[in-house]
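Report on the following structure.
The values are calculated or read from the model by the stated rules, or taken from the named source; none is laboratory data. Just so we're clear, the structure is a prediction, and the values are computed from it rather than from any experiment. Backbone-built Cβ (ideal geometry, glycine too); neighbour counts: all protein chains shown.
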């Protein structure tokens, strides 16, 4: 990948990493959207699993799923949608930040007429 400068997590003094958004292709998620993987687990020296930029087309849904040993942080960049967190339904929009704990089923639907874009951070946690 161009613009990439990283080191193995086992190195004593890791190097900074820069990844240009334009250099990262969109790829399908397992749950029904498109994502750009901006940072991989192997590149972090922490419990961070990934940083993804996700794009959900109008009317599309990232289907309900849960993670056994990971919490997710969502930061909405553009658009608006409906997010289900367990039995709760919330309207979410640009500027909102949500923390989804492990084992909580969640899904998000783009309820607007423009793409819904957000950053998603996956953070590994000890089993609940």
Discussion item. Quick check on my filter: what residues within the stretch 99-128 are surrounded by fewer than 17 Cβ atoms within 10 Å (Cβ to Cβ), under 13 Å from the mean Cα position of the chain (by Cα) and free of Cβ contacts under 8 Å to residues at least 40 places away in the same chain?
Written reply: 99
Worksheet item: Which one of 98, 116 is at pLDDT 95 or above and under 17 Å from residue 29 (Cα atoms)?
Response: 116
Discussion item. I'm told residue 59 meets every condition in (1) at pLDDT below 90; (2) loosely packed, with under 15 Cβ neighbours inside 10 Å; (3) touching a strand residue (DSSP E or B) at 6+ places or on another chain (Cβ under 8 Å) except one. Can you identify the failing condition by its number?
Written reply: (1)
Item to complete: Please work out if residue 17 is in contact with a strand residue (DSSP E or B) (Cβ under 8 Å, 6 or more places away or on another chain), in contact (Cβ under 8 Å) with a residue 12 or more places away in the chain and either buried (at least 17 other Cβ atoms within 10 Å of the Cβ) or over 15 Å from residue 110 (Cα atoms) (or both).
Response: yes
Practice prompt. Determine whether the stretch 73-89 contains at least one residue that is under 15 Å from the mean Cα position of the chain (by Cα), in contact (Cβ under 8 Å) with a residue 60 or more places away in the chain and either farther than 15 Å from residue 33 by Cβ or surrounded by 13 or more Cβ atoms within 10 Å (Cβ to Cβ) (or both).
Written response: no
Practice prompt. Could you check how many residues of the stretch 40-56 are part of a loop (DSSP other than H, G, I, E, B) and either touching a strand residue (DSSP E or B) at 6+ places or on another chain (Cβ under 6 Å) or modelled with pLDDT of 95 or more (or both)?
Written response: 1
Item to complete: Answer yes or no: is there a residue in the stretch 101-117 that is within 27 Å of residue 14 (Cβ to Cβ), in contact with a strand residue (DSSP E or B) (Cβ under 8 Å, 6 or more places away or on another chain) and not in a loop (DSSP other than H, G, I, E, B).
Response: no
Worksheet entry | Meets criteria (part of a loop (DSSP other than H, G, I, E, B) and either modelled with pLDDT of 90 or more or in contact with a strand residue (DSSP E or B) (Cβ under 8 Å, 6 or more places away or on another chain) (or both)) for residue 72 | no
Practice prompt. Would you be able to say whether some residue in the stretch 18-30 is modelled with pLDDT under 95, farther than 22 Å from residue 127 by Cβ and assigned to a strand (DSSP E or B)?
Written response: yes
